[in-house]
Amino acid sequence: MTFPATIEVPEPILDIARTLEKAGFEAWCVGGTLRDILLGHSNTDYDIATNATPDQVQRLFPRTVGIGIKYGTVGVLDRSRQLHEVTTFRRDVTTDGRHAVVAYGVELAEDLARRDFTINALAYHPLRREWRDPFDGAADLQRGVVRAVGDPGERFREDYLRILRALRFAARFDFQIEPGTWQAARTAASGLAQLSAERVRDEWYKGLRTARSIERLVSLWVDVGAAKVWLPELEREQAPSIAKTVPAGDRDPVLLTALLSTAPSTVLRRLKASNAEIDRVLGMERGPEKPDGNDERSVRRWLAAVGTSADDLMSLWRSRRGAIPPWSSAAQEIRRRHDPLTRGDLALNGTDIQALGVTGPRVGQILTELLERVLERPELNTREALLEIARELW
Ligand code: ATP
Ligand code: MG
């Protein structure tokens, strides 16, 4: 692959580079953005690497945020308050498979050497328009290959997350994983257990969002041995049936995890997902997956029973069957009319029932009974009609 003579670097990035260079430092664009641009994908989220230390960066720019100081990253705010990451050239002093202690005072070449894959180890000088590609990343981009920088086994043992990153890039760009890198990844896969659940979850979600083919991503996780460690509930047989029509980027990783695994709530708990996400999949597990019939009465009962999970359950049904649920038009109609579906939607409340002389748990039972009636016949939802039924009931 020949490098384009020049690439269009946004003005705020050029500004930052000029400030650094004027102060006698180097400023290079690095990382995934260059990879994406060479592949023809637009990406304007440039990372800058420099030999200025984080302190020096903070002194050079009026507005900065110490977003990753421990790893040498300073956020520089431009005039329109956009944040750009400026990271000091670094090398890893010690690594333990999950974090690194880094040191500064190194050259660009060394900084590129600690990056994970050749396709991620490119640099471009935005002012001099020079490229650096010490590991032939451009050739691997052209061939469609994910290859570790240096000895793959060592690189995975330094940080096991790189295994998952390799799978993600392979699925996202439809690349092959270079055989040596793949073998080393399989050998190192048991080390994935050492990673924090949060980092694994982020990778899994990013993978689901960006994979060209979900099926490929799932196969890679299974074949490398990552699924065994983190997602034993993953069912690769489910993957092909997932509608291929959901475009990357638009995908919902929680829904996809539910589609792809038995016991998705167990999966999300293991991945330390948020309570909101766990509650969502619990709702999907609880179901029922569909109404007893497609008539409005059945659909109202179902909507009342599943509550906020209705849309998720319909999405699951649609993804599994590749067709729109036959009851979705009834559901739409019911929602458009605002048919009452919960006790809160009733035209009277507990106080009204108590005013009739009812006390204790019977109040709630009567409200539930009234909701039953109204689900059958929404037109009953007036104060007068409900009061009359309530009087009869008690
Ligand atoms: P994307 O942002 O599309 O997920 P990316 O390659 O930009 O992909 P980032 O996590 O933004 O990934 O990291 C930026 C760069 O930092 C990478 O391109 C790579 O050079 C380096 N990098 C990130 N994570 C690691 C890692 N675990 N080990 C080694 N280098 C890494
Ligand atoms: Mg990035």
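The values are calculated or read from the model by the stated rules, or taken from the named source; none is laboratory data. From a predicted model like this one, the values you see are computed outputs, not experimental measurements. So basically every Cβ, Gly included, is an ideal-geometry build from the backbone, and we count neighbours across all protein chains shown. With ligands, DNA and RNA removed, areas are computed over all heavy atoms of the protein, side chains included. Shrake-Rupley method; radii C 1.70, N 1.55, O 1.52, S 1.80 Å.
What are the pairs with Cβ atoms under 6 angstrom where one residue, in the stretch 25-49, is under 23 Å from G72 (Cα atoms) and among the charged types (D, E, K, R) and the other, located anywhere, is outside any helix (DSSP H, G or I) and within 12 Å of ligand 2 (Cβ to nearest atom)? Sequence gap at least six, or different chains.
Going by the 6 Å Cβ cut-off, the qualifying pairs are D47/V30; D47/G31; D47/E85.
For the stretch 26-40: of the residues being open to solvent by 40 Å² or more (accessible area, probe 1.4 Å) and not in a helix (DSSP H, G or I), which is nearest to ligand 2 (Cβ to nearest atom)? Reasoning before the result, please.
Our first condition is that a residue be open to solvent by 40 Å² or more (accessible area, probe 1.4 Å); within the stretch 26-40, this holds for 26, 37, 39-40.
From the residues that got through so far, the ones that are not in a helix (DSSP H, G or I) too are 26, 39-40.
Values: E26: 20, L39: 14, G40: 17 Å.
Restricting to residues being open to solvent by 40 Å² or more (accessible area, probe 1.4 Å) and not in a helix (DSSP H, G or I), the top hit is L39.
Could you pull out the residue among R269, R201, R280 that is part of a helix (DSSP H, G or I), out of contact with any Ser or Thr (no Cβ under 6 Å at 6 or more places or on another chain), in contact (Cβ under 8 Å) with a residue 60 or more places away in the chain and over 23 Å from Q183 (Cα atoms)?
Details: R269 fails: in contact (Cβ under 8 Å) with a residue 60 or more places away in the chain; R280 fails: in contact (Cβ under 8 Å) with a residue 60 or more places away in the chain.
Result of the check over R269, R201, R280: R201.
Among the listed residues G322, G307, identify the single one that is out of contact with any Lys or Arg (no Cβ under 8 Å at 6 or more places or on another chain), in contact (Cβ under 8 Å) with a residue 60 or more places away in the chain and of a type in the set (G, A, S).
Numbers: G307 fails: in contact (Cβ under 8 Å) with a residue 60 or more places away in the chain.
Matching residue, one of G322, G307: G322.
Among the candidates S309, S328, single out the residue that is open to solvent by 20 Å² or more (accessible area, probe 1.4 Å), at pLDDT 95 or above and hydroxyl-bearing (S, T, Y).
Values: S309 fails: open to solvent by 20 Å² or more (accessible area, probe 1.4 Å).
After applying the criteria, what remains is S328.
What number of residues within the stretch 22-55 are in contact with a Phe, Trp or Tyr (Cβ under 6 Å, 6 or more places away or on another chain) and among the small types (G, A, S)?
Step one: filter the stretch 22-55 for residues in contact with a Phe, Trp or Tyr (Cβ under 6 Å, 6 or more places away or on another chain), giving 29, 33-34, 49-53.
So of that shortlist, the ones also among the small types (G, A, S) come out as 49, 52.
Result for the stretch 22-55: 2.
Applying the selection to the stretch 41-75, what residues are farther than 15 Å from W28 by Cα, crowded, with 17+ Cβ neighbours inside 10 Å and among the hydrophobic types (A, V, I, L, M, F, W, C)?
Residues satisfying the conditions are L60, F61.
How many of the residues making up the stretch 104-129 are more than 10 Å from ligand 1 (Cβ to nearest atom), more than 14 Å from A49 (Cα to Cα) and in a strand (DSSP E or B)?
0
Any idea which of V65, V57, V74 is part of a helix (DSSP H, G or I) and away from ligand 1 (no atom under 14 Å from the Cβ)?
Working: V65 fails: part of a helix (DSSP H, G or I); V74 fails: part of a helix (DSSP H, G or I).
Among V65, V57, V74, only V57 is part of a helix (DSSP H, G or I) and away from ligand 1 (no atom under 14 Å from the Cβ).
For the stretch 132-151, indicate whether the set of residues that are crowded, with 16+ Cβ neighbours inside 10 Å, basic (K, R) and in contact with a helix residue (DSSP H, G or I) (Cβ under 6 Å, 6 or more places away or on another chain) is non-empty.
yes
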